[in-house]
Amino acid sequence: MRRSRRPIRIASRQSQLARAQAQAVGRVLGKLHPDVAIEYVWIDSEGDQRLDTSLANVGGKGLFTKAIERALLADKADVAVHSLKDLPAQMTPGLSIAAIPNRGDARDCLISDKANTIEELPQGATVGTSSPRRKAQLLKRRPDLQISEMRGNVETRLAKVLDRQEYDATLLAVAGLQRSKLGKFADKPLDPAEFLPAASQGALGIQCRTDDHVSISRCLPLNHTQTALAVHVERDIIAGLQGDCHSPIAAYCYPSDAEGRHFEVVARVFSHDGQQVIEATGKAEGKLLSKLTQQILDELLDKGAAEVLNGVSQLMQGMV
């Protein structure tokens, strides 16, 4: 069968981080398909356009991905590159994840020139974040901290803390800093055992139309099996709890041996102030991860995770 020569049109957000991620995928696809042109379609997402509004007030699901998915469905692009943590766990009809490349560093890190650890932050320090997951974990450890809404791209958030001194600190993903060529600021990483990352943090999702077999076959070689197994567990936990990337839920699945055959899973659900924490953990071989995921979901729900999340939801609705 003759191989298609049609260009590969890659859609992504316009931020520096999103461009870097899309172009990294484009370079790999270009090497795999040297006779095919790589083109880029840069798109402003709803989340990027509404920087003056709290994410809680405009709805969490898909704010950074819907416009890109619409471009895919309208055949204005063939491939979309997402930060996988932004992509809702419930897949949009007509689209599928064709590949999940090798995961970057999944950890969060502290950004501050006033402290090297969360414990060292001054009493009552102001920490900027729009993430309920980060807020809850910060308040669990330091109830005295003042958590304030912070929006903007990586560069903007760094500037608000380090240059303009609008906040005493913030938290950012290590992988995002590294991909933005700002890895020097990721010098205060947080131990995942103590500060659990977001589901799929550090991973990319390469999305195609389900009926576009050419694009899917082109992207399949980029899939990293261990990463895909791990992040699907994390995404299934979020979906099973009817949450999204703006819910106070943390889930982390990672290989527990050098061969990558066995995995450990940790999932936590937090109240808005971090004072209630529901946790479930487990270990399993890769082929048994689906069963383990269901066991973890059952345990979280049995311990009252749905009630805690419902309480958070009601609180957020009352603040809108």
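The values are calculated or read from the model by the stated rules, or taken from the named source; none is laboratory data. Note that the coordinates shown come from a computational prediction; the quantities given were computed from them, not determined experimentally. Cβ placement follows ideal geometry from the backbone for every residue including glycine, while neighbour counts extend to all protein chains displayed.
Here is how the numbers come out for the structure above:
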| item | result |
| --- | --- |
| Hits in segment 47-69 - residues which are surrounded by fewer than 18 Cβ atoms within 10 Å (Cβ to Cβ) and at pLDDT 65 or above | LYS66 |
| Which numbered condition MET150 misses (of (1) out of contact with any strand residue (DSSP E or B) (no Cβ under 6 Å at 6 or more places or on another chain); (2) free of Cβ contacts under 8 Å to residues at least 40 places away in the same chain) | (1) |
| Counted residues, segment 271-298 - those being more than 20 Å from GLN137 (Cβ to Cβ) and either exposed (fewer than 15 other Cβ atoms within 10 Å of the Cβ) or at pLDDT 95 or above (or both) | 15 |
| Any hit, segment 190-205, residues being over 19 Å from the mean Cα position of the chain (by Cα) and either among the polar types (S, T, N, Q) or surrounded by fewer than 16 Cβ atoms within 10 Å (Cβ to Cβ) (or both) | no |
| Pick from segment 254-270, criterion hydrophobic (A, V, I, L, M, F, W, C) and surrounded by 14 or more Cβ atoms within 10 Å (Cβ to Cβ), ranking: nearest to PRO143 (Cα to Cα) | PHE270 |
| Residues located in segment 266-291, provided they are among the β-branched types (Val, Ile, Thr) and under 30 Å from GLU149 (Cα atoms) | VAL266, VAL269, VAL277, ILE278 |
| Matching residues in segment 146-166 - criterion: being in contact with a Lys or Arg (Cβ under 9 Å, 6 or more places away or on another chain) and over 27 Å from HIS82 (Cβ atoms) | GLU166 |
